[in-house]
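Asker: Structure incoming, see below.
The values are calculated or read from the model by the stated rules, or taken from the named source; none is laboratory data. Computed from a predicted model, the values in this text were never measured in an experiment. Note that we place each Cβ from the backbone using ideal geometry, even for glycine, and neighbour counts take in every protein chain shown.
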Amino acid sequence: MNVTKLLDCIDNIDKISDQEWKDSLIDRKLKELEFHDKDRDKNIVSESVANDTYEKFYGNKKYYSVTDRSKQYVKNWISSESKGKVFLDYACGNGENAILAAKSGASLSLGLDISSVSVKNARNVAVKDNLQNIRFFQADCENTQLPNKCIDVVICSGMLHHLDLSFAFPELRRILKPGGKILAVEALDYNPAIKIYRWLTPAMRTDWEKAHILSFKDIRFAKKFFDLGEMRFWHVIGYIAGKFPFLNKSLQIIDRIIEKIPYIQMMAWMFTFELIKKK
């Protein structure tokens, strides 16, 4: 499918009225929409999208401030994989990754999100940056309404645990071209200290999200639909520097070592994994 036909399809998606859109969503998705609209309905459209989502709206900014290594890995991946490709920021939030892909030379960079507020914020940033090869639209990740085999590369950053993977993975496989790649960035559900922190901060997450932090069971499920590419583990103990910044350098050195040790790496706060559609 060429870019013009793909954009025509997105034009049709954009024509769906707000009421039709809400009527099409089940209760779980309506709660997600309301939660994220509320969190992102801030006067942020003139700010950099680098202040996106977690760091901007939640009280755990100090912990995300020590994740530079994983952030840089994701940025490098997007920059290298998006050039000349049709790129999709799947559940894009305020659009940081789609913006990066557009600036990195994607032939077309797309961002979809269930939240109209997020889409509006992302569009405003794209206009401010004068980007022509980018498009944001409101859609359901589990039923995007995009054409078959239209996407080359997908980034899904911290959003799979918001979705029912029994719908999301088949939908991703459907829209990906043969040989297409996904990079997922997710929290990992094994570290007891992080489990306690999540339990102590329930207002930061929807009920669905709390119950669906990813584990290796979800990776096994993903392999029913895709080949598994590189999987990496991040921040086994480095997040402690969020509370004690003077330890950051030492903890990062230790993390680089223990993130590679089987079983210990299961205690990582985050992990990244590639999913590849067979040619």
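Asker: Kindly list, by first and then second residue, each pair from a residue in the range 132-161 that is of a type in the set (Lys, Arg) to a residue that is not in a strand (DSSP E or B), limited to pairs with Cβ atoms under 8 Å and residues at least 6 apart or on different chains.
Answerer: As it stands, the answer is 135/7; 135/10; 149/1; 149/174; 149/175, since those pairs meet every condition given.
Here is a yes/no grid of residues against (1) surrounded by 13 or more Cβ atoms within 10 Å (Cβ to Cβ); (2) modelled with pLDDT of 60 or more; (3) among the hydrophobic types (A, V, I, L, M, F, W, C); (4) under 27 Å from residue 275 (Cβ atoms):
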site: 44; (1), (2), (3), (4): yes, no, yes, no
site: 54; (1), (2), (3), (4): yes, no, no, yes
site: 63; (1), (2), (3), (4): yes, yes, no, yes
site: 70; (1), (2), (3), (4): yes, yes, no, yes
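Asker: Restricting to the range 238-279, give me the number of residues that are of a type in the set (Ser, Thr, Tyr) and in contact with a helix residue (DSSP H, G or I) (Cβ under 8 Å, 6 or more places away or on another chain).
Answerer: 2
Asker: Evaluate the range 239-249: report whether one residue or more is crowded, with 17+ Cβ neighbours inside 10 Å, in contact (Cβ under 8 Å) with a residue 40 or more places away in the chain and of a type in the set (Gly, Ala, Ser).
Answerer: Yes: the range 239-249 contains one or more residues that are crowded, with 17+ Cβ neighbours inside 10 Å, in contact (Cβ under 8 Å) with a residue 40 or more places away in the chain and of a type in the set (Gly, Ala, Ser).
Asker: Out of curiosity, is residue 189 of a type in the set (D, E, K, R) and either over 30 Å from residue 238 (Cα atoms) or in contact with a Lys or Arg (Cβ under 7 Å, 6 or more places away or on another chain) (or both)?
Answerer: Working: of a type in the set (D, E, K, R): yes; either over 30 Å from residue 238 (Cα atoms) or in contact with a Lys or Arg (Cβ under 7 Å, 6 or more places away or on another chain) (or both): no.
Judged against the criteria, residue 189 is not a match.
Asker: Looking at the range 99-138 only, could you name the residues that are surrounded by fewer than 22 Cβ atoms within 10 Å (Cβ to Cβ), in contact with a strand residue (DSSP E or B) (Cβ under 8 Å, 6 or more places away or on another chain) and of a type in the set (Ser, Thr, Tyr)?
Answerer: 107, 116 - these are the residues of the range 99-138 that are surrounded by fewer than 22 Cβ atoms within 10 Å (Cβ to Cβ), in contact with a strand residue (DSSP E or B) (Cβ under 8 Å, 6 or more places away or on another chain) and of a type in the set (Ser, Thr, Tyr).
Asker: Also, quick follow-up: Identify the residue in the range 72-85 that is in contact with a strand residue (DSSP E or B) (Cβ under 7 Å, 6 or more places away or on another chain) and surrounded by fewer than 24 Cβ atoms within 10 Å (Cβ to Cβ) and, among all such residues, is farthest from residue 273 (Cα to Cα).
Answerer: From the range 72-85, those in contact with a strand residue (DSSP E or B) (Cβ under 7 Å, 6 or more places away or on another chain) are 73-74, 77-78, 81-82, 85; that's our starting set.
Right, trim to surrounded by fewer than 24 Cβ atoms within 10 Å (Cβ to Cβ) and you get 73-74, 77, 81, 85.
Values: 73: 12, 74: 11, 77: 11, 81: 14, 85: 20 Å.
Checking each candidate, the answer is 85.
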